[in-house]
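Read the structure below first, then the notes.
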Amino acid sequence: MDIPSIVSQFEFAALILGITNGTKDPSVDTFRMTTWHMLKHFGVPLEGLELKIDSRGSPPLGGGEVFLRVPNINSTLTAVNWVDEGMVKRIRGVSFSTRLSPQIESHIIYAARGIFNRFIPDVHIFTDHRSGASGGRSPGYGVSLVAETTTGCLFSVDATVSYPSVDEINEESEKPELMSPEDLGVQAASVLLEEVAQGGVIDSTHQGLLFILCALCPADVSKFCVGQLTPHGIETLRNIRDFLNVMFVIKPDPNSNTVTLKCVGGGVNNTARKVS
């Protein structure tokens, strides 16, 4: 992605260009619905945070534009004691399509609700149809879902289908078969239920970020619970040990199949904040 930015004493602002909803990284919707709210547990206020999706970009050509504004935060984060995952009380989400029929979103939502409403009635999935310049440069569709628990924990998943470029189609002998909107909705809903069933206070996608935030806290003890450790999460723990000299105490719980981790923060300060 291209990131033209402006950095001042008071905030960071950037116009981010590229793919907003891909298959390899969390989407901008997950960033807005889940990632942001993780920061509250570390003493970061959400006031002043702004994320505006000017246009969506699907793979392979992208064309999305997102404006991001982040205010300067406190000099240090706050250590957490975050082990109570609670029970799921509601599910929210966004279904999108770019340069395609808006009816695709309705099919995705109908299929996803067919899975969720067996367990919980409070389900709302919004639509965001983009065409023309606001639809980027490639057609595609998908959905981002988040489950919120009674203790404020958030579990999120993304599912996206993108159409291959003309060059990719010419290189293949047969036109690739794309997942239908109905199958995509069922898949996304099923994966979200699996994330919730794994336990912990965050989903598997955010494990690495949670580890990094705890390592950046002051020299105080952070304790939290996650589901099964992912390969990315394990690699992040190794990088934190090598670069920040912060090591975690890892205690698996065979009864719940979750993992409790503890660490003493590395005491990293925000040197960009002016000291009064």
Filter result (part of a strand (DSSP E or B) and surrounded by 14 or more Cβ atoms within 10 Å (Cβ to Cβ)) within region 109-125:
VAL123, ILE125
Note: among ASP54, ASP25, just one is over 26 Å from GLY265 (Cα atoms), open to solvent by 20 Å² or more (accessible area, probe 1.4 Å) and in a loop (DSSP other than H, G, I, E, B), namely ASP25
Single condition ILE202 does not satisfy, out of (1) more than 20 Å from ALA147 (Cβ to Cβ); (2) surrounded by 16 or more Cβ atoms within 10 Å (Cβ to Cβ); (3) of a type in the set (A, V, I, L, M, F, W, C):
(1)
Of all residues in region 166-178 being exposed (fewer than 14 other Cβ atoms within 10 Å of the Cβ) and either at pLDDT 65 or above or in a loop (DSSP other than H, G, I, E, B) (or both), the one that is farthest from the chain's Cα centre (by Cα)
SER173
Assuming ASP84 fulfils every condition listed in (1) in a loop (DSSP other than H, G, I, E, B); (2) charged (D, E, K, R); (3) touching a Gly at 6+ places or on another chain (Cβ under 9 Å) apart from one, which condition is it?
(3)
Among what's in region 252-276 and is of a type in the set (S, T, N, Q) and either under 21 Å from the mean Cα position of the chain (by Cα) or at pLDDT below 95 (or both), pick the residue that is surrounded by the fewest Cβ atoms within 10 Å (Cβ to Cβ).
SER276
Which one is surrounded by the most Cβ atoms within 10 Å (Cβ to Cβ) among residues in region 64-82 that are among the β-branched types (Val, Ile, Thr) and touching a residue at least 60 places away in the same chain (Cβ under 8 Å)?
VAL80
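Table: residues versus (1) among the hydrophobic types (A, V, I, L, M, F, W, C); (2) more than 20 Å from GLU85 (Cα to Cα); (3) in contact with a Leu (Cβ under 8 Å, 6 or more places away or on another chain); (4) open to solvent by 50 Å² or more (accessible area, probe 1.4 Å).
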site	(1), (2), (3), (4)
GLY208	no, no, no, no
ALA215	yes, yes, yes, no
ASP220	no, yes, no, yes
LYS223	no, no, yes, yes
GLN228	no, no, no, yes
ILE234	yes, yes, no, yes
PHE243	yes, yes, no, yes
MET247	yes, yes, no, yes
ILE250	yes, no, yes, yes
Identify all residues within region 154-165 that are open to solvent by 50 Å² or more (accessible area, probe 1.4 Å) and either assigned to a helix (DSSP H, G or I) or modelled with pLDDT under 90 (or both); write none if there are none.
TYR163
Considering region 126-148, residues that are among the polar types (S, T, N, Q) and either under 21 Å from the mean Cα position of the chain (by Cα) or open to solvent by 50 Å² or more (accessible area, probe 1.4 Å) (or both), and then whichever is farthest from LYS89 (Cα to Cα), we arrive at SER131
If SER95 passes every condition in (1) in a helix (DSSP H, G or I); (2) surrounded by 21 or more Cβ atoms within 10 Å (Cβ to Cβ) but one, which one does it miss?
(1)
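The values are calculated or read from the model by the stated rules, or taken from the named source; none is laboratory data. All values derive from a computational prediction rather than experimental measurement. Note that we place each Cβ from the backbone using ideal geometry, even for glycine, and neighbour counts take in every protein chain shown. Accessible surface is based on the protein model in full, side chains and every heavy atom, while ligands, DNA and RNA are left aside. Shrake-Rupley method; radii C 1.70, N 1.55, O 1.52, S 1.80 Å.
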